[in-house]
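First the structure, which I've put down as structure tokens, then a few questions once you've had a look.
The values are calculated or read from the model by the stated rules, or taken from the named source; none is laboratory data. Note that the structure is a prediction, hence the values are computed from the model and not measured. Cβ coordinates were reconstructed from backbone atoms using ideal geometry, including for glycine residues, and neighbour counts include every protein chain displayed.
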Amino acid sequence: MTDAFPTDYVPPDVWTWNQAAGGRFAAINRPVAGPTHDKPLPVGRHPLQLYSLATPNGVKVTVMLEELLALGHAGAEYDAWLIRIMDGDQFGSGFVAANPNSKIPALVDHAAPGEPIRVFESGSILLYLAEKFGALIPTDPRGRAECLSWLFWQMGSGPLLGGGFGHFYAYAPIKIEYAIDRFAMEAKRQLDVLDRRLAESAYLAGDAYTIADIAVWPWYGGLVLGQLYGEAATFLSAGDYANVRRWADAMAARPAVRRGRMVNRVVGDPAEQVAERHDASDIPAR
């Protein structure tokens, strides 16, 4: 620590939970797992049951499902149930059974013989659906490796953008210069990684649109389009990354992306909100 970032904080020998220090998330962040209350999950009429919220991680899955439907995969019809994370819905017994990590999204596939298949973690859900329907993932070894590399790049990098930069820039109860500076630097480095890649190809895995793009767009596309963390796009000079912006605009123009972004959304423009989706007609025509 240098004089540029003064602090009087000295970590204790043993950490203890100070719930009051959690800021706006104090009611839902805790150092233990498991359910807090008994609440079974609802089940609709489609084989695929999604329990989610339109955060970037939730949007990945609804975009994927809408893209599959646009490709003609009728088996991708789904019910999308709203999980209000600020109300603690993710700690209900049914949701914890679907995802022991208590994070959205969670998918339950009732189409398989025997017990329904639970799938959690957004990247895992994208890969599961791509393999289930044989779509949006390359079949040749080189293309598949490139696609999965970018998919897992997002899974590893996203927490530094969201829980790192996004949290300390937009949500932390106090502004900590060191934390914001550290994670802003990393967010810009990640944007530069993407910009250099997208200077080489139309999409992240190459010439074809894949689950890699679906995974990355809600986070980094949302960032450069000014959809995340208030004035973060200006703060990070996100407009400087011309290749990312070109790709983000192209993604945003896709009808399935527009539909998927609306599902389980309960903030922002009311015309862009579809709290729950149980039929294609639930999403207004655009």
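Considering only residues that are small (G, A, S) and in a helix (DSSP H, G or I), look in region 16-63 and name the one that is modelled with the highest pLDDT.
Looking only at region 16-63, we keep the residues that are small (G, A, S), and these are 20-23, 26-27, 33-34, 44, 52, 54, 58.
Filter once more, so that each one left must be in a helix (DSSP H, G or I): 20-23, 58.
Details: A20: 69, A21: 68, G22: 67, G23: 72, G58: 98.
Ranking the candidates gives G58 first.
Residue-by-condition table, conditions (1) out of contact with any helix residue (DSSP H, G or I) (no Cβ under 6 Å at 6 or more places or on another chain); (2) surrounded by fewer than 14 Cβ atoms within 10 Å (Cβ to Cβ); (3) without any contact (Cβ under 8 Å) to a residue 60 or more places away in the chain:
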site	(1), (2), (3)
A179	no, no, yes
M185	yes, yes, yes
R189	yes, yes, yes
L194	no, no, yes
E200	yes, yes, yes
W219	no, no, no
T234	yes, yes, yes
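Further question: Could you give every pair whose Cβ atoms fall below 7 Å, whose first residue belongs to region 116-135 and is more than 16 Å from P218 (Cβ to Cβ), and whose second residue is assigned to a helix (DSSP H, G or I) and hydroxyl-bearing (S, T, Y), counting only separations of at least 6 or pairs across chains?
V119/Y128
So which residues in region 272-284 are at pLDDT below 95 and farther than 22 Å from L48 by Cβ? Quick ask: steps written out before the conclusion?
At the first step, the residues of region 272-284 found to be at pLDDT below 95 are 284.
Of everything in region 272-284, nothing turns out to be at pLDDT below 95 and farther than 22 Å from L48 by Cβ.
Another question, if that's okay. Please give the number of the condition Q227 fails out of (1) within 22 Å of A187 (Cβ to Cβ); (2) of a type outside the set (S, T, Y); (3) surrounded by fewer than 16 Cβ atoms within 10 Å (Cβ to Cβ).
(3)
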